[in-house]
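Single-structure report; data block below.
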Amino acid sequence: NPETQRYDILLGGVETKAPKSVFGEELEKGEAKTFGEERIKAQEATKSLQELQVLQELSKNMFTGSAAGVRLALNKWAQETGYGDTFTDPTKVSNTEAFSATAGKLVGKIIKDFGAGTGLSDADREYAEKIVGGKITLTAESIAKVLAIAEKANKGYIEKFNKKASQIMEREGERLPY
């Protein structure tokens, strides 16, 4: 996708020419470790952007709002009992379920970022679901806004990483292991 290609991760390096002090070497190791961790997060943000595009597409034709769960259940029941062609929209059913499943993947990542294994409460989990629009009971407009916020956050992180990567690559005497 041309829009997300702008958010590819920058890689590269230049040849090392000057010897480093012991302090400089230790500092460089720490910076390299941090940079490597940030690179992994930037790659994860790129994957999240792809998932957000899927969610945005699904959200255009799905059940939303306070009665979304009821409407989904009724449509599934109608399909299962043979009334599906007359009373249901099979695409909305599949999009709603696919949206919830895909949003769940992003919820998992957000929970991990919040510190998985640290005793997160149900309230924390519900908040994370709302962040990625995993609650189909939100209005379509609310889901779109939440997805736009998540997209902006991911793009912002990637841009910040790419700026740092460019600065590191431009410094004379540095060599990246990529």
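The values are calculated or read from the model by the stated rules, or taken from the named source; none is laboratory data. Predicted model, so just to flag it, every value in this text is computed and none were measured. As a convention, Cβ positions derive from the backbone with ideal geometry for all residues, glycine included, and neighbour counts pool all protein chains shown. We work out accessible area using only protein heavy atoms, side chains counted, and drop any ligands, DNA or RNA first. Shrake-Rupley method; radii C 1.70, N 1.55, O 1.52, S 1.80 Å.
See the values below:
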| read-out | value |
| --- | --- |
| From the options Gly133, Gly173, Gly82, residue that is on the phi > 0 side of the Ramachandran plot, at pLDDT below 80, surrounded by fewer than 15 Cβ atoms within 10 Å (Cβ to Cβ) and not in a helix (DSSP H, G or I) | Gly173 |
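Table: residues versus (1) among the acidic types (Asp, Glu); (2) in a helix (DSSP H, G or I); (3) open to solvent by 30 Å² or more (accessible area, probe 1.4 Å); (4) in contact (Cβ under 8 Å) with a residue 12 or more places away in the chain.
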{"site": "Thr34", "(1), (2), (3), (4)": "no, yes, yes, no"}
{"site": "Lys41", "(1), (2), (3), (4)": "no, yes, yes, yes"}
{"site": "Glu44", "(1), (2), (3), (4)": "yes, yes, yes, yes"}
{"site": "Gln50", "(1), (2), (3), (4)": "no, yes, yes, yes"}
{"site": "Leu55", "(1), (2), (3), (4)": "no, yes, no, yes"}
{"site": "Gly65", "(1), (2), (3), (4)": "no, no, no, yes"}
{"site": "Gly69", "(1), (2), (3), (4)": "no, yes, yes, yes"}
